[in-house]
Amino acid sequence: MPGSSPEHIHEYRNHHLDSTRWERFNAREGDIVVTTAYKAGTTWTQRMLAALVLELEPGVGSLMEVSPWIDARFHGPIEPILESLDAQTHRRFVKSHLAADGIRFFPEAKYVVVGRDTRDVFMSLWNHYSAYTDLAYSLFNDPERPGPEFPRCPEQPRDLWPRWISEGWFEWEPDGWPFWSHHHHLSTWWQWRELSNVHFMHFGDMLADTEGEMRRLAAYCEIDVPDEQWPAIVDAVQLDAMRKETKGGDEVEDPAAMIFEGGVDRFLFKGTNGRWRDVLTPDDLELYQKAVAALDPGLHAWLEGGRLASA
């Protein structure tokens, strides 16, 4: 393995991503970076960290403001976001959707890599993609967009599946079109899983044992939580609580409604696994088997079965 940590060798710039936004990020000792491809429990993990770092309350403003997605091109200029982060006095935790070969790696930071069964990621992504509003498409396809236009969502999941599982948006990726690769993202981080500042979490494990996975996360981040606080912390990160918190109450306009039809209820959807069984056909699953055959066997086992499967 060349080097002793991930190397930034690719630039990720498209309708959603701009990896160059990290160039001006000033890391602090103990910063936490949550990185996923997408639809694997990103927001859930951020909410867990908010509960651990900020003692239940996400702080002033929304979770997106407290824990911004650094590489989101469509979130506007990066300077105000970085200024807001620089002003934070608590321990910082931010979000990225970049593979390990596309992000500046900070030895003083901690990285939390979250994954999920590829087929479940696809179903959640389909719900996400098919809910985009006209405003969302206008943000992704603005005149400053690098590369080709982000296409409208097909009518049915199976219309997207063959291309998503078999073709990348970037030339070095094997899957993920028209977004970016789920498999490449995790493969680049998987090879660094033994580093002391890289921690893997699996969506299935988080569902099966929320408190146990949160305790693992707290231990990794070196956050001490009194035992009597754990019940309230675990309750605060459940899906219904997150929906209510994100909406901001009955008197506040749903902030996600501008981007997603159905708003927060569509963004934080079912939070379940296995829906692909009613959608993907045997031919579709042959494409899946071909795709995962190229993965490290340990990563493949982990994606399908979580922490215990790859132990």
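The values are calculated or read from the model by the stated rules, or taken from the named source; none is laboratory data. Note that this is a predicted model, so its numbers are computed, not measured. Don't worry about glycine lacking a Cβ; one is built from the backbone with ideal geometry, like all the others, and counts go over all protein chains shown.
Applying a threshold of 8 Å to beta carbon distances and a minimum spacing of six or more residues, or different chains, the list of pairs starting in the range 283-298 at a residue that is surrounded by fewer than 17 Cβ atoms within 10 Å (Cβ to Cβ) and ending at one that is hydroxyl-bearing (Ser, Thr, Tyr) and not in a helix (DSSP H, G or I) reads Gly298/Ser310.
Can you pull out the helices (runs of 4 or more DSSP H) entirely within the range 156-248 that have at least 2 residues that are small (Gly, Ala, Ser)?
Helices (runs of 4 or more DSSP H) meeting the threshold: 203-208, 210-220, 230-236.
Let's see how each residue does on (1) crowded, with 23+ Cβ neighbours inside 10 Å; (2) farther than 30 Å from Leu285 by Cα; (3) in contact with an Asp or Glu (Cβ under 8 Å, 6 or more places away or on another chain):
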position	(1), (2), (3)
Val66	yes, yes, no
Asp71	yes, yes, yes
Pro80	no, yes, no
Asp101	no, no, yes
Pro107	no, yes, no
Ser138	no, yes, no
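The test for being part of a strand (DSSP E or B) and not small (Gly, Ala, Ser) does not hold for Val121.
Scanning the range 181-237 for residues that are free of Cβ contacts under 8 Å to residues at least 40 places away in the same chain and of a type in the set (A, V, I, L, M, F, W, C) gives Ala219, Trp230, Val234.
Considering every residue within the range 71-85, establish whether at least one is touching a Phe, Trp or Tyr at 6+ places or on another chain (Cβ under 8 Å), of a type in the set (Val, Ile, Thr) and modelled with pLDDT of 95 or more. For the range 71-85, residues touching a Phe, Trp or Tyr at 6+ places or on another chain (Cβ under 8 Å), of a type in the set (Val, Ile, Thr) and modelled with pLDDT of 95 or more: absent. Of all residues in the range 287-305, those being out of contact with any Phe, Trp or Tyr (no Cβ under 8 Å at 6 or more places or on another chain) and either closer than 17 Å to Asp209 by Cα or part of a loop (DSSP other than H, G, I, E, B) (or both) number 6.
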